[in-house]
Amino acid sequence: MKFDPTRPFDLPSLPPELNFKHEQFVDLMLKTRTELGELNGYSYSLPNPLLLLSPAVIKESVASSNIENINTTMEKALQAQLFPETEQKKPDKEVLWYKDAILWGFENLKKIPISTRLILGIHKELLPDHSQGYRKTQNRIADSATGEVIYTPPPANDLPRLLSNWEQFVNRNDDGIDPLVRAAVAHYQFEAIHPFSDGNGRTGRILMVLQLIQQKLLSLPILYVSGYINKNRSEYYRLLQRVRTHYSWHDFILYMLKGFHQQARETKTTLLRIMELLERTREHLKKKHRRIYSADLVEAIFALPIITPVNLGKKLDVNYRTASRYLSELADGDVLKENFVGKYHLYANSPLLKLLKG
C-alpha cells in the first residue's frame with residue numbers, strides 16, 4: 001500500500017527483512033566497538049567513575065532538548081540545577097528533567113530490563129507535569145513551518161501489540177543481530193510507534209543509550225548521541241521518513257552507526273582531556289593551595305563545574321563559611337571564575353566547561 005502521511009501507519013513488526021551483516025555495517029560496528037571499549041576503560045580509570053556523569057549527562061540533555069526546539073545552553077542548565085525549581089526557567093527545567101530521566105533509567109536498569117515499566121518511568125521523570133502513560137488517542141507529526149502532516153503514527157489500540165513486539169526485539173540476544181544495529185532499528189521503531197502524546201523523541205534517545213548499556217557496550221550513560229543527531233538533524237528526519245515511505249533501512253542504520261562511532265571517539269577524546277585537566281588541577285592545588293587541598297574538593301569542582309558555597313558545603317560536609325573561603329581562594333588563584341547571578345554567588349570551572357563544550 002502506498003504511504004499516506006495523513007492515514008495511521010500500518011507499521012510492520014520487528015525484525016525487518018534486511019541484511020543485518022552488510023559489509024558497510026560490519027566495518028563500522030568493529031570500529032565503534034573498539035572506541036566504546038576504550039571509552040569504558042578510561043571511564044573506570046577515574047578515581048570516581050560517576051565523577052563526570054552529571055556534566056556529561058547535562059551536555060546530552062541540552063543537545064537532545066535542542067532537537068525538540070527547547071533551547072538553552074549547558075552553562076545555563078548547570079547554573080539552573082543549583083537553584084530551586086521555582087526559580088528555574090522552563091527550558092532549563094526541561095533539560096534538568098531530561099537529566100533526571102536518564103539517571104533514573106540508568107539506576108533502574110540495574111533492577112529491571114528495558115520494558116514498559118522502565119519506559120513509563122523514564123517518561124514520568126521527563127515530563128512530570130503531564131505524563132499520563134501511553135496515548136489513548138491518535139496523534140500526528142506535522143511540519144512546524146507549514147502545518148503539513150508528515151506522518152500519522154499507528155492507532156492507539158495498536159500500541160500494546162507494537163510495544164510488546166518492540167520489547168521482545170530489544171531484549172533478544174539469540175538472533176545474530178549486532179547490538180549496535182539492534183539499537184538503531186529499535187530507535188526507528190520506537191519513533192514510528194510514537195507511543196506518547198509528547199516526549200517521544202527524547203524518550204527514544206534515552207532508551208537508545210540505555211540499550212547500549214544493557215547490551216554491555218557502554219558502562220555509563222555518557223555517550224553524546226544527541227550531539228550527532230543535532231548536528232545532522234535534517235538528515236536524521238529525512239532518513240526516518242525514508243524508512244516509512246520506501247523501507248530504506250540500510251541508509252538509516254548506516255547513519256546511526258556513523259553516529260555511534262563518531263560520538264564514541266569524540267567522547268573518549270573529551271574524557272582523556274578531562275582526566276588530564278583533573279590531574280593538572282589536583283597537582284596545582286597540592287602546590288599552590290596546600291592548606292585547603294583535598295581529593296574531595298577537586299572532585300567537587302569537576303562533578304559540579306558551576307558551584308555555590310552551599311553546594312560545596314554539602315559535598316565536603318563543611319559549613320557555609322568554610323566552603324566560601326575555599327571557593328574564594330580558588331577564584332583568587334584563577335582556578336575558578338567568580339560570578340554573580342541575581343542573589344547567587346557562583347564559581348565556574350571554566351577550563352572544564354570549555355572542554356565539555358568541545
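How much net charge surrounds residue 64 when only the other residues with a Cβ under 15 Å from the Cβ of residue 64 are counted, with Lys and Arg +1 and Asp and Glu -1?
Computed value for this residue: -1.
For residue 158 and residue 272, what is the calculated FRET efficiency with R₀ set at 51 Å and r taken between the beta-carbons, to the nearest 0.05?
0.65
Roughly how many nanometres apart are two label points built 7 Å out from the Cα toward the Cβ at residue 291 and residue 232?
5.4 nm
If contacts are Cα pairs under 8 angstrom and at least 6 residues apart, what is the relative contact order of the chain in percent?
Normalised by residue count, the contact order of the chain is 23 percent.
For segment 33-118, which trypsin sites (Lys or Arg not before Pro) pass both filters: DSSP loop (anything but H, G, I, E, B) and at most 16 other C-beta atoms within 10 Å?
Details: sites: 33, 59, 76, 89, 93, 99, 110, 111, 117; in loops: 89, 110, 111.
Counting only loop positions with at most 16 other Cβ atoms within 10 Å, the trypsin sites (Lys or Arg not before Pro) in segment 33-118 are 89, 110, 111.
Can you sort 320, 255, 344 so the residue with the fewest Cβ neighbours within 10 Å comes first?
Neighbour counts put them in this order, fewest first: 320, 344, 255.
Within the set of other residues whose C-beta is less than 12 Å from the C-beta of residue 179, count the net charge using Lys and Arg as +1 and Asp and Glu as -1.
Once positives and negatives cancel, what remains is +2.
Within segment 122-178, report the trypsin sites (Lys or Arg not before Pro) that DSSP leaves as loop and that have at most 14 other Cβ atoms within 10 Å.
Filter output for segment 122-178: 136, 140, 172.
Given a Förster distance of 41 angstrom, what is the FRET efficiency for residue 250 paired with residue 129, based on the Cβ-Cβ distance and rounded to 0.05?
It comes to 0.55.
Please report the relative contact order for segment 1-159, taking Cα pairs under 8 Å with a sequence separation of at least 6, and give it as a percent rounded to a whole number.
25 percent
Helices from the chain with mean Kyte-Doolittle at least -1.0 and a Cα length along the axis of 24 Å or more, per DSSP H: which?
Result, helices passing both filters: 23-43, 90-108, 249-288.
Under a point spin-label approximation (7 Å from Cα along Cα-to-Cβ), what is the residue 310-residue 85 distance to one decimal in nm?
Roughly 1.6 nm, to one decimal.
With +1 assigned to the C-beta of every Lys and Arg and -1 to the C-beta of every Asp and Glu, and no other charges, what is the dipole magnitude of the chain about the Cα centre in debye, to the nearest 20?
For the chain, the charge dipole is close to 660 debye.
With the contact rule set at Cα under 8 Å and sequence spacing of 6 or more, what percent relative contact order holds for segment 138-248?
Taking the mean separation of contacting Cα pairs over the length of segment 138-248, I get 18 percent.
Where does the charge balance sit around residue 53 when Lys and Arg score +1, Asp and Glu -1, over other residues with C-beta under 15 Å from its C-beta?
Local charge sum for residue 53: 0.
Evaluated at 10 °C with a viscosity of 1.306 mPa s, what Stokes-Einstein diffusion coefficient in µm²/s does the chain have when Rh comes from the Kirkwood expression over alpha-carbon pairs?
Estimated via Stokes-Einstein, D reaches 73 µm²/s.
Given a Förster distance of 41 Å, report the FRET efficiency between residue 68 and residue 280 from their Cβ-Cβ distance, rounded to the nearest 0.05.
With R0 = 41 Å, the Cβ-Cβ based efficiency is 0.65.
The chain: longest stretch without exposed GluC sites (Glu not before Pro) (DSSP loop, at most 13 other Cβ within 10 Å), sites themselves excluded? Intermediate results must be reported in sequence, preceding the final value.
Working: sites that count: 17, 148.
Longest stretch, sites excluded: 149-358.
Putting +1 on Lys and Arg Cβ atoms and -1 on Asp and Glu Cβ atoms, find which of 24, 166, 188 reaches farthest to the positive end of the dipole of segment 23-267.
Farthest towards the positive end: 166.
Scan segment 185-237 for trypsin sites (Lys or Arg not before Pro) in coil per DSSP, keeping those whose Cβ has at most 14 other Cβ atoms within 10 Å, and list them by number.
216
If you take the charge dipole of the chain about its Cα centre, with +1 on Lys and Arg Cβ and -1 on Asp and Glu Cβ, which of 263, 228, 78 is farthest toward its positive end?
78
Since every read-out is calculated from the coordinates, none of them should be taken as a lab result. Computed from a predicted structure; not experimentally measured. As a convention, Cβ positions derive from the backbone with ideal geometry for all residues, glycine included, and neighbour counts pool all protein chains shown.
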